[in-house]
1. Determine the pairs where a residue that is closer than 14 Å to Leu114 by Cα, located within segment 29-40, has a partner that is aromatic (Phe, Trp, Tyr) with Cβ atoms under 6 Å apart, the partner being 6 or more residues away or on another chain.
2. What's the total number of residues in segment 131-185 that are part of a helix (DSSP H, G or I) and either open to solvent by 10 Å² or more (accessible area, probe 1.4 Å) or over 23 Å from Thr112 (Cα atoms) (or both)?
3. Does segment 485-496 contain at least one residue that is in a loop (DSSP other than H, G, I, E, B) and open to solvent by 20 Å² or more (accessible area, probe 1.4 Å)?
4. Considering each of Gly419, Gly450, Gly411, Gly468 in turn, give the residue that is modelled with pLDDT under 95, under 14 Å from Ala384 (Cβ atoms) and open to solvent by less than 60 Å² (accessible area, probe 1.4 Å).
5. Which condition number in (1) of a type outside the set (Gly, Ala, Ser); (2) open to solvent by less than 10 Å² (accessible area, probe 1.4 Å); (3) assigned to a loop (DSSP other than H, G, I, E, B) is the one that Val362 fails?
6. Being over 30 Å from Leu101 (Cα atoms) and either at pLDDT below 95 or open to solvent by 30 Å² or more (accessible area, probe 1.4 Å) (or both), is that true of even one residue in segment 531-547?
7. Evaluate the following for Thr375: is it out of contact with any helix residue (DSSP H, G or I) (no Cβ under 6 Å at 6 or more places or on another chain), of a type in the set (S, T, N, Q) and open to solvent by 10 Å² or more (accessible area, probe 1.4 Å)?
8. Just name the residue that is farthest from Phe407 (Cα to Cα) out of those in segment 330-350 that are touching a residue at least 60 places away in the same chain (Cβ under 8 Å) and open to solvent by 10 Å² or more (accessible area, probe 1.4 Å).
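The values are calculated or read from the model by the stated rules, or taken from the named source; none is laboratory data. Being a predicted model, the structure only gives us computed values, none of them experimental. Positions of Cβ are backbone-derived with ideal geometry, glycine not excepted, and every protein chain shown enters the neighbour counts. Remember, those area values only see protein heavy atoms, side chains included, never the ligands or the DNA or RNA. Shrake-Rupley method; radii C 1.70, N 1.55, O 1.52, S 1.80 Å.
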Amino acid sequence: MSVASTLASVGPPLLQRGADLAVSTTHVVVAPLVVALVTAILTLGTRRFDRLQRALSLTGNLAYVVAVAVLVNEVLAGDPLVYQVSAWRAPFGISLVADALAAFMLALAAVTSLAILAFSVVYVDEQGQRVSYHPLYHFMLAGVTGAFLTGDVFNLFVWFEVMLMPSYVFVVFYSGRRHTAAALQYTVLNLVGSALMLVAIGGLYATTGTLNMADIARRLAAPAEYGVAPGPVLGLAAILLVVFLLKAGVVPFQFWVPPAYRAAPAPISAFLAGITKKVGIYAVVRLYFTVFAAGSVPGGLGLPGFAGDSFLAYFGPVLFVLALASMIVGGVGAVSRDNLDDVFSYSSIGQVGFIILPLAVVATVGDHSLGAAATELQILGVTAALIYALNHAVAKSLLFLVSGAVFDAVGSIKFENLGGLTNRRPVLSASFFVGALALVGIPPLSGFFGKLLVFDTAGRALGAGAPGADLALAGALVGAIFTIAYLSRAWNHGFWGERSAAVERAGRPVVLIGIVAVLALVVVAIGVGFDPVYEFADRAAHAALDGEGYVDAVGPDVVSNATENATGNETAGGAHGIADPAATGVVDAPAGASEVSAP
């Protein structure tokens, strides 16, 4: 029987839509995505009307913030929300899942993107805005949103591409020789990564019979029942990890970061560092702590340095080494630069190491006889990573916007031309100071709590006897010292001291300075009002580690192994692992659902 005839035969009972199977149509889940896409289309169609286009762009981004706020409120008020596109049930249809983890990342993107767009409207020249800036910006935001919400691996690839394609244009936005070279490197590396991702996804489908994340997690938890070989899945997961770390700019995949951030307009550098990087981090947390954490290789691989048999036990040491390398490479690179953009670019490499480090520390604790303490430590580690990601998103976006405002006012971002800026433009300098202190981790700013939680995670792991915890503490301390060193150097050489001739002639971009000042106040507000932020991140960490809860929320239909074996080669598993129910007459249903007889 062909796949088409199989689908037709199971049409309404197995793939019923609508109220018959109580498919979720919670439209609030898809609202942020729809707002971003509609705004992109509207700004594309109004490119001949400058003021209307900008008004629509800002209104659309504000509507996006409202949509995300409504979604966050709904998620925190109850259980995860699931939207089944066209009401086709998982794993056969496309699922959009909004749990606390996705909501946290969407909130991060919403707050930061609004400030970046407001800055862009004033900073980017009229011709650039008219031709492509606003549609590309909202398509990029739509890609980020889709990546945070998608519930299957293939559509994660799709949304990655939607996010990346506009970024290719933005890196070459100014069309100079330097910009073209940076864009070529950035595009080639990401295309190679995308090709690897697609190959790994195809391999996952071949080995697990599904691409739905919840269904993958369920099948990995019972590999014998579903005929899944854990070894190949582990290898494919490793390929995906390389891709996600490339997107996040983690060492040794960081080479694209400095040239791309230097070439792009300042607000786009803020978007790439503050938001786009976090999509790679999110993918690591979602797939490796929610989905692949259910998998294990009985007996282990027998490789030195890799203890235990869970998937996380293999990825933990890899993440650990790369996190430490990122902090060192980023710190050494930043402390030797002579302009703001280069310092912030290398700083982003080092700071992403701080985000990865607590994830690496807790990735292996489940295999070291820590009992209930392992779960608590894992929650703390994921919470630390999320809090640090939030701080980096807001503070680093602030610093790149400060760099743009400095360039607009002074005409240069080299330290030698910025002396005396503190006296000439005190509000702008104060905004830089706030962002720098947030990255250093000075209380009561948000960075203090993020860094404290990173050290707390490593310290508790050390007390529990987890391997490598002492090196994690030492690495975090070295990374913190580097952060103090390069930001202090930027302040002393670039803002302090005798007033330069360029600063003497500096203009006064009032609106740009006002925007960065407001974002600086947001950084302060996150730290001062940290309790609800921590509670939100804690909920997100629980959601990330609750694989069973994620599977139950998505509720993918079950195709029994007996059914698959009975149909054999006739359907070869069908589309997304669909077996021919006509061969057996019965398809397993989720708990609470009645058996469905084949027609």
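1. Here the result reads Pro32/Tyr64; Val35/Tyr64; Ala36/Tyr64, each pair linking segment 29-40 to a residue that is aromatic (Phe, Trp, Tyr).
2. We begin by selecting, within segment 131-185, every residue part of a helix (DSSP H, G or I); these are 131-149, 153-171, 177-185.
The next check asks that each one be either open to solvent by 10 Å² or more (accessible area, probe 1.4 Å) or over 23 Å from Thr112 (Cα atoms) (or both); those that pass are 131-132, 136, 139, 153-155, 157-159, 161-162, 165, 168-169, 177-185.
Selection size over segment 131-185: 24.
3. Residues of segment 485-496 that are in a loop (DSSP other than H, G, I, E, B), as a first pass: 495-496.
Within this subset, residues satisfying the condition of being open to solvent by 20 Å² or more (accessible area, probe 1.4 Å) are 496.
Yes, segment 485-496 has at least one match.
4. Gly450
5. (3)
6. Step one: list which residues in segment 531-547 are over 30 Å from Leu101 (Cα atoms), which gives none.
No, every residue in segment 531-547 fails to be over 30 Å from Leu101 (Cα atoms) and either at pLDDT below 95 or open to solvent by 30 Å² or more (accessible area, probe 1.4 Å) (or both).
7. Answer is yes for this residue.
8. Keep residues of segment 330-350 that are touching a residue at least 60 places away in the same chain (Cβ under 8 Å), which gives 330-335, 337-350.
Next cut, open to solvent by 10 Å² or more (accessible area, probe 1.4 Å) only: 332, 335, 337-339, 341-342, 346.
Values: Val332: 25, Val335: 21, Arg337: 17, Asp338: 14, Asn339: 11, Asp341: 10, Asp342: 14, Tyr346: 19 Å.
Among residues in segment 330-350 that are touching a residue at least 60 places away in the same chain (Cβ under 8 Å) and open to solvent by 10 Å² or more (accessible area, probe 1.4 Å), the one farthest from Phe407 (Cα to Cα) is Val332.
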